[in-house]
Amino acid sequence: MKRLLGGLAAGLLFGAGLSISGMINPAKVIGFLDIAGAWDPSLAFVMLGAVAVTAIGYRTVLRRGQPMFEPRFTLPTRRDIDPSLLLGASLFGIGWGLGGYCPGPALAGLGFGGLETYAFVAAMLAGMIAARWYANRQSTADGARRAS
């Protein structure tokens, strides 16, 4: 239960930060990406602030013996760049540029009830389901190839 409440608190804090900074507004994101037109640098300041807080937070938290709600830390170990990473990053960037949303702000924006937000989240969920289906299909095919 502590783990769920901790996740809920972190999600609410993240959503509040996105709302206060205006990052749930796709026009703000599009303005940041429009470097040849009416460029809006405010997203860069939000990102810099988030990176600074994260860097300090990681250093502080990793000094602890273990996380608050888990028996041990689980940090990523892979450092290679593979085709799946490149494809996923490209699709994310294209979706972000076209829709003006990334997943966090889109979920935070659901509370405001815009039709485009619901459409984006539905498309995002469909993409997640399709990616999971494809990954499972690939791992099954790879297993069958190894067995033969």
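All of the numbers you see were taken from the coordinates with simple rules; none came from a lab. The structure displayed is predicted, hence computed values, not measured ones. Every residue, glycine among them, receives a Cβ derived from its backbone with ideal geometry; neighbour counts consider all protein chains shown.
The figures follow:
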| item | result |
| --- | --- |
| Restricting segment 39-78 to chymotrypsin sites (Phe, Trp or Tyr not before Pro) in coil, as DSSP defines it, with at most 13 other Cβ within 10 Å | Trp39, Phe69, Phe73 |
| Net charge, Tyr134 excluded, C-beta distance under 15 Å - Lys, Arg +1, Asp, Glu -1 | 0 |
| MRE, 222 nm, helices only [DSSP H, n ≥ 4, -39500 (n - 2.57), over the chain, to nearest 500] | -24000 deg cm²/dmol |
| Kyte-Doolittle mean at least 1.0 and Cα axial length at least 15 Å: DSSP H helices in the chain | 2-21, 42-62, 83-99 |
| From the coordinates shown, log10 I(q)/I(0) by the Debye sum over Cα atoms at q = 0.11, 0.15, 0.17 Å⁻¹ corresponds to which of [x] -0.51, -0.85, -1.00; [y] -0.62, -1.08, -1.27; [z] -0.40, -0.75, -0.95 | [y] |
| Loop-resident sites, segment 22-77, for trypsin sites (Lys or Arg not before Pro), counting at most 16 other Cβ within 10 Å (DSSP) | Arg63, Arg64, Arg72 |
| Equivalent ellipsoid semi-axes - Cα gyration tensor, segment 3-72, angstrom | 32, 15, 7 |
